[in-house]
Each structure stands twice: as structure tokens, then as C-alpha cells.
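Colleague: Let me begin by handing over the structure; questions about it come next.
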Amino acid sequence: MEPKVVYQTDRLVVRDWAESDGDRVFDIYRRWEVSRWLGADPRVMPHRDAASRTIERWNARNADAVYGIWAVEEKSTGTIAGTVLLVPLPDGPSSKGEVEVGWHFHPDSWGRGLATESAQGAIAHGFKAGLGEIYAVVRPDNGPSIAVCKRLGMQPLGLTSRWYDAELESFVI
């Protein structure tokens, strides 16, 4: 069965994950240069089996029509460049309805505007579904992701420890 396509951009297909994406998921998240920015207690993916479990968990979340953690596939090559997400923040949506856009890309996909392009699509997807605003939270020393937030037209809100048990730069659009 083909994975469900959530949206497309000029260069990208954003879709659910396929089991065959497992090697690439492992190759992305086994890298400290990617994983160091993720979660309150960053760590690399320890082994290939973890990628299969992660794909199952993500696809279960992707059953929602609005929210998900999706594969970003380059149309020209079929390569998975990374992950884009649109998910409720830890105290959303049942309380304040706060939603986050985020991205995690393989280093071989950095510097080509793919994170910005996929995040623009995720933001448009969220607004089309009726979301009023979307946040991004970024570690303060993650200059490339802060630059993506600025390219997306997001407004800086400053440092917060409100989400993820870490002090993060926050942005909103």
C-alpha cells in the first residue's frame, strides 16, 4: 500500500512513512548533529530496530487529519530528505490549542531550503484546517533552525521553558 500523501510542494512530497523508509530514518536520527537538537534529553537512535518502531508510532499519530510527523521526500530523486511535523505542543490542543511546526533533516539535505519549503507546506496545511496560529521552538544555539523560522516569517517570542523541559527560543506565525 502506498503511503498517504499529506501535501506537495514544488520539490517535495510530504507523506506518511513506509516501512522501507526505516534505513533512512535510522541514518538521520543516529547522527548526533541531528539528534542533539531534539528533546529535553537529546540522544541518538541506538539501532535500526528503533527506526521501525518509530515509523509505527509516527504513522499511528498520522491518522489525524491535521496533525502528523511526516516523511519529506524529494520528488526528483525519491530520497527522504527528513521529517516535518505539525503536532500539538505538550499542553495543547485540549487546553490552549497550541500547535508546533518542526523539522529534522539529514545533513546531506541541509542548505537547500528543503526545511523551509516543507515547513511552509505544513503551516499552510494547518491554517487550511483552521488553526489560528502555529509555534516553533528551537534550541537557542541552533542558528540554522532559527534562520528557518525567520524565513518562514515567524515572529520571535523569546526564550521559554514552557514546553519540553528545556529553555527554547519560541516563534509564532
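The values are calculated or read from the model by the stated rules, or taken from the named source; none is laboratory data. The structure presented is a predicted model; accordingly, all values stated were derived computationally and were not measured. Cβ: placed from backbone, ideal geometry, glycine included. Neighbour counts: every protein chain shown. Side chains are part of the model used for accessible areas, which takes the heavy atoms of the whole protein and leaves out ligands, DNA and RNA. Shrake-Rupley method; radii C 1.70, N 1.55, O 1.52, S 1.80 Å.
Colleague: Taking V13, is it under 14 Å from T83 (Cβ atoms) and in contact with a strand residue (DSSP E or B) (Cβ under 6 Å, 6 or more places away or on another chain)? Break it down stepwise before answering.
Modeller: Working: under 14 Å from T83 (Cβ atoms): yes; in contact with a strand residue (DSSP E or B) (Cβ under 6 Å, 6 or more places away or on another chain): yes.
Here the answer is yes, as V13 does meet what is asked.
Colleague: A follow-up question, please. Looking at the range 134-153, which of its residues are in a loop (DSSP other than H, G, I, E, B) and within 22 Å of G111 (Cα to Cα)?
Modeller: The first filter runs over the range 134-153 and keeps only residues in a loop (DSSP other than H, G, I, E, B), leaving 134, 139-142, 152-153.
Selection gives R139, P140, D141, N142, L152, G153.
Colleague: Only residues that are in contact (Cβ under 8 Å) with a residue 60 or more places away in the chain and over 22 Å from G111 (Cβ atoms): list them for the range 9-60, please.
Modeller: If the condition is that a residue be in contact (Cβ under 8 Å) with a residue 60 or more places away in the chain and over 22 Å from G111 (Cβ atoms), then G39, A40 are the ones that fit.
Colleague: Further, regarding this structure: Restricting to the range 123-136, name every residue that is closer than 14 Å to G153 by Cα and either crowded, with 22+ Cβ neighbours inside 10 Å or within 16 Å of the chain's Cα centre (by Cα) (or both).
Modeller: Taking the range 123-136 as the starting set, the residues that turn out to be closer than 14 Å to G153 by Cα are 123-124, 133-136.
Hits for the range 123-136 are I123, A124, I134, Y135, A136.
Colleague: Tell me, which residue of the range 33-65 that is closer than 25 Å to E169 by Cβ and charged (D, E, K, R) is nearest to the chain's Cα centre (by Cα)?
Modeller: R61
Colleague: Now for a different question. What strands (runs of 3 or more DSSP E) completely inside the range 1-119 contain at least 1 residues that are open to solvent by less than 30 Å² (accessible area, probe 1.4 Å) and among the aliphatic types (A, V, I, L, M)? Break it down into steps so the answer makes sense when it comes.
Modeller: On the way: elements: 5-8, 12-15, 68-74, 80-88, 99-105.
Result: 12-15, 68-74, 80-88, 99-105.
Colleague: Take the range 137-171 and flag every residue that is within 15 Å of the chain's Cα centre (by Cα) and of a type in the set (V, I, T).
Modeller: Hits for the range 137-171 are V137, V138, I146, V148.
Colleague: Now for a different question. Which members of the range 144-153 meet the condition of being open to solvent by 40 Å² or more (accessible area, probe 1.4 Å) and closer than 19 Å to V34 by Cα?
Modeller: Correct list: P144 only.
Colleague: So, one more: Would the range 154-173 turn up any residue that is in a helix (DSSP H, G or I), among the aliphatic types (A, V, I, L, M), modelled with pLDDT of 95 or more and open to solvent by 20 Å² or more (accessible area, probe 1.4 Å)?
Modeller: Of all residues in the range 154-173, those in a helix (DSSP H, G or I) come to none.
Within the range 154-173, not a single residue is in a helix (DSSP H, G or I), among the aliphatic types (A, V, I, L, M), modelled with pLDDT of 95 or more and open to solvent by 20 Å² or more (accessible area, probe 1.4 Å).
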